[in-house]
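First up is the structure itself, then whatever we jot down about it.
Values in this text are rule-based calculations from the coordinates and carry no lab data. Computed from a predicted structure; not experimentally measured. Note: ideal-geometry Cβ built from the backbone for every residue, glycine included; neighbour counts use all protein chains shown.
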Amino acid sequence: MFNKVILVGNLTRDIELRYTPGGTAVGNTGIATNRRFKGSDGQQKEEICFVDLTFFGRTAEIANQYLRKGSKVLIEGRLKFDTWEDQNGAKRSKHSITVENMTMLDSKGTNPSQTAAGGYPGQQSSNSYAAGENTAPAAVNKPAASDKIPEIDIDDDEIPF
């Protein structure tokens with residue numbers, strides 16, 4: 001079977017980092033995604049989806065170090081169905097995503113919760129990190145002047161986030 005989820009959105013809270021007894025980092029947070037569309041009545045509507053995320057290993061540590069509430073991120077992972085019993089004995093359930101790859105989409109200086117000390121060290125555009133990856137963030141090369149990116153005329157209402 002195939003289980004893959006790709007989402008782009010903003011984090012709904014800071015990463016909560018903890019470690020297993022075996023020393024593996026586990027980070028928990030949530031992501032909000034939105035979709036704008038025209039309803040059957042012709043009115044512009046918006047649908048917002050909130051999903052919990054779980055990061056593991058080095059990806060959890062990197063996410064905790066560089067991401068904050070409101071950070072824009074692209075995540076790839078697998079959908080997981082969690083079940084538990086609440087304090088009243090009722091059965092509860094939810095879907096969450098176990099993150100396998102993450103790409104930070106905020107460019108240096110645009111994250112609203114960055115400190116004056118300076119944002120993401122060495123980051124110029126976006127960085128990707130895979131679950132279990134043991135490398136520190138590396139600088140992303142700026143495109144050469146000859147690598148011109150064409151301008152695209154898109155209305156802000158057409159952008160899904």
| note | For T54 and K80, extending 7 Å from Cα along the Cα-Cβ vector and measuring point to point gives, in nm, a value of 0.2
| query | At q = 0.35 Å⁻¹, what base-10 log of I(q)/I(0) does the Debye formula yield for the range 1-42 when every alpha carbon is treated as an equal point scatterer in vacuo? | reply | -1.11
| message | Show me, for the range 24-34, the HN-Hα J-couplings you get by feeding each phi into the Karplus relation (A = 6.51, B = -1.76, C = 1.60, θ = phi - 60°), rounded to Hz, glycine and proline as x. | response | 7, 6, 10, x, 10, 7, x, 10, 10, 10, 9
| query | For the range 41-67 and the range 20-35, what is the separation of their C-alpha centers, rounded to whole Å? | reply | 10
| remark: Pseudo-spin-label distance R36 to S107, built 7 Å along Cα→Cβ, given in nm, is 2.0
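Return the FRET efficiency for the residue pair D14, K45: r is the Cβ-Cβ distance, R0 is 35 Å, and the value is rounded to the nearest 0.05. Each step should come with its number before you reach the end.
Working: r = 30 Å, r/R0 = 0.86.
For R0 = 35 Å, the calculated efficiency reads 0.70.
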| task | Please turn the phi angles of the range 86-100 into ³J(HN,Hα) values with the Karplus equation 6.51 cos²θ - 1.76 cosθ + 1.60 (θ = phi - 60°), one per residue in order, whole Hz, x for glycine and proline. | result | 7, 5, 8, x, 7, 7, 10, 7, 7, 9, 9, 10, 8, 6, 10
| note | Going from the fewest other Cβ atoms within 10 Å to the most, one would list V26, V51 as V26, V51
